[in-house]
1. Rounding to the nearest 20 debye, state how big the charge dipole of the stretch 57-96 is about its Cα centre with +1 on each Lys and Arg Cβ and -1 on each Asp and Glu Cβ.
2. What dipole magnitude, in Debye to the nearest 20, does the stretch 14-85 give about its Cα centre under +1 on Lys/Arg Cβ and -1 on Asp/Glu Cβ?
3. Just subtract the alpha-carbon distance of Met26 and Lys46 from 0.36 nm times their residue separation and send over the number in nm, one decimal.
4. Ignoring ligands, DNA and RNA, please state the percent of accessible area on the stretch 33-88 from carbon and sulfur, probe 1.4 Å.
Amino acid sequence: MKNLVLLIVLCVSNFAVAQVYGEIFMDKREIVKDIDYTVNYSKEGKLVFDIKVNTDGKVTSCFINEDKSTITAKGPMMKAKSKIMGQLVFGRGIGLPQFHSGYVQITTTQGENTQEDNRFKPPY
């Protein structure tokens with residue numbers, strides 16, 4: 001029973017890093033400001049982005065990896081890229097590479113997102 005509880009705690013604690021892979025994941029770089037790894041789209045799939053992070057923890061480069069992605073539409077791709085570049089922040093690191101590389105996987109889901117910014121939508 002103790003082992004089951006320990007396993008559940010470990011799985012939950014690693015969930016925040018579950019969508020970040022590559023050198024960043026292997027070096028256990030801390031995520032200071034996390035994002036929601038989903039965007040709304042008309043069909044389910046995944047978007048995989050190659051990212052580079054500087055020593056301050058900011059994502060400086062973000063490009064779609066079309067070989068690993070199942071969605072190629074521009075709309076969800078731009079939403080996901082904007083979310084990664086604008087909101088995802090990693091811990092500062094002395095001794096880490098100047099441009100730490102990795103992958104971020106964003107899952108597309110069907111449905112209406114109630115947290116979406118509606119300020120610029122036309123009124124109906």
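1. 180 debye
2. Details: 12 positive and 10 negative charges, 52 e Å.
Computed about the Cα centre, the dipole is about 240 debye.
3. This chain segment gains 5.0 nm when fully extended.
4. Numbers: 1500 of 3010 Å².
It is 50 percent, rounded to a whole number.
The values are calculated or read from the model by the stated rules, or taken from the named source; none is laboratory data. Predicted model, so just to flag it, every value in this text is computed and none were measured. Cβ sites come from the backbone with ideal geometry, for glycine too, and all protein chains shown count toward neighbours. For the accessible areas, the whole protein counts, side chains as well, though only heavy atoms, and no ligand, DNA or RNA atoms are used. Shrake-Rupley method; radii C 1.70, N 1.55, O 1.52, S 1.80 Å.
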